[in-house]
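These notes are about the structure you will find just below.
The values are calculated or read from the model by the stated rules, or taken from the named source; none is laboratory data. Nothing here was measured: the structure is a model prediction, and the numbers come from that model. For neighbour counting, all protein chains shown are included, and Cβ atoms are generated from backbone atoms with ideal geometry for every residue, glycine included.
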Amino acid sequence: MTSNRIPLHRVQGTHYEYSYQLGQLTRESIRQRIANDFAYLSKLFHFIQTEYGQKLHRGFIETTRSIYPWYWDEIRGLADGSQVPLEQIVVLNFLNETRTVYRLLDEKKKLENETGEQGCTTVLINRKDTETLSLLHNEDHSSALYMTGYLVEADIQPSKYDNDQRDSPKEKFVAYCYAGSIPGNAFGVNVHGFVCALNGLYPDFVVADRLPRQIVNRALLSVKNEDELDKLLQSSPVAYGFCINGGFLRQKTHLLNYEIGPNLNENNQNYISKCRIINSEGKFNDDSDARNYLVHYNHYERLNHVIRQQKALDSSYSRWKRGKELGEIFTTADAIRLLGDHENEQFPIFRTSNGSDVNSVTLCTVHINFLTLQLEIYQQNPKDNKQPSITYNLRDIFSSE
């Protein structure tokens, strides 16, 4: 089941308790991640000690504690369990927002890989002609995470909040995690059969006093159905952008892709573009649906007219162009051929540590099969290494009742 590089941690308890356990189990990995990326992270650690940085994080924390206090408890638990300073754990969880604001305050300040070079590539396939219903995804990020990522299987019991007026959700899921970050912003599957994989999107602005991307991504692991997912995205004002790819194991008519971003024109509102991936037998809407498959990268494709994006998205557009050259996706083999491609040496789809962009790598490739209920992880290029190194039976986590 597990490998030396990507261990599986099983934890349980309240939101704080399970996260405290996770902090204890991953203490050395968190410290290794910070040490490996310290030249990059130290600038952000210093920034959040400034008056502006403190105000930015204070607004994010207050909003999180107001809307999702149980996920703030998870951040606290991770810090307490790992004995890593809370301020540093907060930076790791509010990373996209913190580094973007840091850069925007002074355009002369440059952070490596700040505009999409670390972003992921995702393929969604829903085809009747090849009997394929799958999500495949390259998880790309800093090379500092290559040896420190892990799977977590969490069984979380609800707690009382707001003077016993609210209960936190009862949750159970399996998810791939970055050391020092709460689950949610990579890929995962929950007990209700919701499958999701996330792509970073990069607006050229951050909205203060809203929810950091990581918090909303974490909340995805609690959703029970598509209506609840839509309501969550409408009621969770985001500070930054991201893309959701996924679907529900119970519902096999279509897969889902959402582009999300903050709406500057409306207070606490999000821009949301929803696309369904429909097979040849499904009822098709030309304005909002994709037929048979969809590939998503790290730039807005449908909300680009309303969200101002960062300028340097060369990696994302280069991968998009190469994907077009490789043609239509019929099978998982076609998807693996795309995800394993490294034809463009400067901006390959599958990234290795010896490439030109030495700080960005493909941490792993995942294939989630909605028909066989299996989650497969490839630790090396799946085009060259045909057998996954990890196979997880989703029946162990998914309740079909």
What residue, of F205, F248, is more than 19 Å from the chain's Cα centre (by Cα) and either farther than 30 Å from F330 by Cβ or of a type in the set (F, W, Y) (or both)?
F205
Looking at the range 222-243 only, could you name the residues that are in contact (Cβ under 8 Å) with a residue 40 or more places away in the chain and under 18 Å from Q309 (Cα atoms)?
A239, Y240, G241, F242, C243
Among the residues of the range 356-365, is there at least one that is in contact with a helix residue (DSSP H, G or I) (Cβ under 9 Å, 6 or more places away or on another chain) and charged (D, E, K, R)?
yes
Checking the condition farther than 18 Å from F370 by Cα, surrounded by fewer than 14 Cβ atoms within 10 Å (Cβ to Cβ) and at pLDDT below 95, which residue from K252, K283 passes?
K283
Across (1) touching a helix residue (DSSP H, G or I) at 6+ places or on another chain (Cβ under 8 Å); (2) surrounded by 22 or more Cβ atoms within 10 Å (Cβ to Cβ), Q346 clears everything bar (2)
If I filter the range 166-177 for residues that are in a loop (DSSP other than H, G, I, E, B), of a type in the set (D, E, K, R) and either on the phi > 0 side of the Ramachandran plot or without any contact (Cβ under 8 Å) to a residue 12 or more places away in the chain (or both), do I get at least one hit?
no
When every residue in the range 244-254 that is touching a strand residue (DSSP E or B) at 6+ places or on another chain (Cβ under 9 Å) and free of Cβ contacts under 8 Å to residues at least 60 places away in the same chain is compared, the one nearest to I397 (Cα to Cα) is F248
Out of the range 182-192, which residues are modelled with pLDDT of 95 or more, crowded, with 24+ Cβ neighbours inside 10 Å and assigned to a loop (DSSP other than H, G, I, E, B)?
I182, P183, G184, A186
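Output yes when any residue across the range 34-45 is in a strand (DSSP E or B), of a type in the set (A, V, I, L, M, F, W, C) and modelled with pLDDT of 95 or more, and no when none is.
The first filter runs over the range 34-45 and keeps only residues in a strand (DSSP E or B), leaving none.
Looking through the range 34-45, none of the residues is in a strand (DSSP E or B), of a type in the set (A, V, I, L, M, F, W, C) and modelled with pLDDT of 95 or more.
Please state which one of L363, L375 is closer than 21 Å to Y202 by Cβ, of a type in the set (A, V, I, L, M), within 20 Å of the chain's Cα centre (by Cα) and surrounded by 13 or more Cβ atoms within 10 Å (Cβ to Cβ).
L363
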Close pairs from the range 295-307: first touching a residue at least 40 places away in the same chain (Cβ under 8 Å) and surrounded by 24 or more Cβ atoms within 10 Å (Cβ to Cβ), partner among the small types (G, A, S) and in a loop (DSSP other than H, G, I, E, B), Cβ under 6 Å, at least 6 apart
N298/G116; N298/G119
Based on this model, can you work out whether D230 counts as surrounded by fewer than 17 Cβ atoms within 10 Å (Cβ to Cβ), touching a helix residue (DSSP H, G or I) at 6+ places or on another chain (Cβ under 8 Å) and of a type outside the set (A, V, I, L, M, F, W, C)?
no
I336 meets each of (1) of a type outside the set (G, A, S); (2) surrounded by 20 or more Cβ atoms within 10 Å (Cβ to Cβ); (3) touching a helix residue (DSSP H, G or I) at 6+ places or on another chain (Cβ under 7 Å) with one exception, condition (3)
With the requirement that a residue be assigned to a loop (DSSP other than H, G, I, E, B) and closer than 15 Å to A239 by Cα, what does the range 50-70 give you?
Y68
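Residues are listed down the side, and each one gets a yes or a no for (1) touching a Leu at 6+ places or on another chain (Cβ under 8 Å); (2) crowded, with 20+ Cβ neighbours inside 10 Å; (3) closer than 30 Å to V11 by Cα:
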| site | (1), (2), (3) |
| --- | --- |
| P169 | no, no, yes |
| C177 | yes, yes, yes |
| G180 | yes, yes, yes |
| F194 | yes, yes, yes |
| Q214 | yes, yes, yes |
| L221 | no, yes, yes |
In the set R33, R58, R76, R27, the lone residue that is surrounded by fewer than 20 Cβ atoms within 10 Å (Cβ to Cβ), charged (D, E, K, R) and either within 19 Å of the chain's Cα centre (by Cα) or closer than 24 Å to E139 by Cβ (or both) is R27
If I ask for residues that are assigned to a helix (DSSP H, G or I), touching a residue at least 24 places away in the same chain (Cβ under 8 Å) and among the charged types (D, E, K, R), which ones from the range 313-333 would you list?
D314, R319, R322
